[in-house]
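For reference, the structure discussed in these notes is given below.
The values are calculated or read from the model by the stated rules, or taken from the named source; none is laboratory data. Treat the numbers as computed from the prediction; the structure is a model and nothing was measured. Because the Cβ atoms are built from the backbone with ideal geometry, glycine has one as well, and the counts that use them run over all protein chains shown.
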Amino acid sequence: NAGVTQTPKFQVLKTGQSMTLQCAQDMNHNSMYWYRQDPGMGLRLIYYSASEGTTDKGEVPNGYNVSRLNKREFSLRLESAAPSQTSVYFCASKGQRNEKLFFGSGTQLSVL
Amino acid sequence: RKEVEQDPGPFNVPEGATVAFNCTYSNSASQSFFWYRQDCRKEPKLLMSVYSSGNEDGRFTAQLNRASQYISLLIRDSKLSDSATYLCVVRLNQGAQKLVFGQGTRLTINP
């Protein structure tokens, strides 16, 4: 039972570099989310996708782009990484009728 | 004002004690409420949903107060394994898929 798979688990970038965080779920969920978690800040919503083909901004979308490639996959892209984007990133998914969020195991990203 | 607010703690209580913490939300149209648990360096996991009439799951009781716009979590007979961060989650509108987290309340149960 894979659930939500997130890659990579760890990444170190230099300021200005770009990268894409990958997320895939095998539960046929409609909704997918990207959160970041910083000490003392809880989880903050970056972007979400209520269904295939749609994406919406969350609380902290600046500096990020997303792609809902298909129903399974929802990627997060940092075009020009900044030290302020050092954080733990979580991908999550949710079914239409079930309110429960299923999370990936997280990506620890450091931007130097 | 944040959409969802929690007292970050930390709460340090002895094993066997009862502990409670609240979470307030700013949008009166909020529809669904949840408590998640997060262990150190792990992903959050659903602890329980919060229903209008209040609900209980073993040692855990969740309450919703719509008039004052807060939810609460009560843990009775606390165990060492209850040590974690407890996150309040709110779905803001009917039909919306946006879920907002509070900053979390850190709880440590001491032997």
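Here are a few things to note about the model shown:
- Figure legend. Inter-residue proximity from the range A:68-81: first residues over 11 Å from residue A:6 (Cβ atoms), second residues among the acidic types (Asp, Glu) and surrounded by fewer than 13 Cβ atoms within 10 Å (Cβ to Cβ), beta-carbon distance below 7 Å, spacing 6+ or different chains. Indicated pairs: A:72/A:26.
- The residues of the range B:1-35 that are among the hydroxyl-bearing types (Ser, Thr, Tyr) and under 11 Å from residue B:78 (Cβ atoms) amount to a single one, B:18.
- Residue list for the range B:67-111, filter: within 14 Å of another protein chain (Cβ to nearest Cβ) and out of contact with any strand residue (DSSP E or B) (no Cβ under 8 Å at 6 or more places or on another chain): B:93, B:94, B:95, B:96
- Where strands (runs of 3 or more DSSP E) fall entirely within the range B:1-73, those with at least 1 residues that are charged (D, E, K, R), free of Cβ contacts under 8 Å to residues at least 12 places away in the same chain and surrounded by fewer than 16 Cβ atoms within 10 Å (Cβ to Cβ) are at B:45-50, B:55-57.
- Scanning the range B:8-18 for residues that are closer than 10 Å to residue B:86 by Cβ and either away from chain A (no Cβ under 14 Å) or modelled with pLDDT of 95 or more (or both) returns a single hit, B:11.
- Considering only residues in the range A:33-52 that are at the interface with another protein chain (Cβ under 9 Å from one of its Cβ atoms) and of a type in the set (A, V, I, L, M, F, W, C), the one that is surrounded by the most Cβ atoms within 10 Å (Cβ to Cβ) turns out to be A:43.
- Residues in the range A:53-89 that are in a loop (DSSP other than H, G, I, E, B), under 20 Å from residue B:44 (Cα atoms) and more than 14 Å from chain B (Cβ to nearest Cβ): A:86 only.
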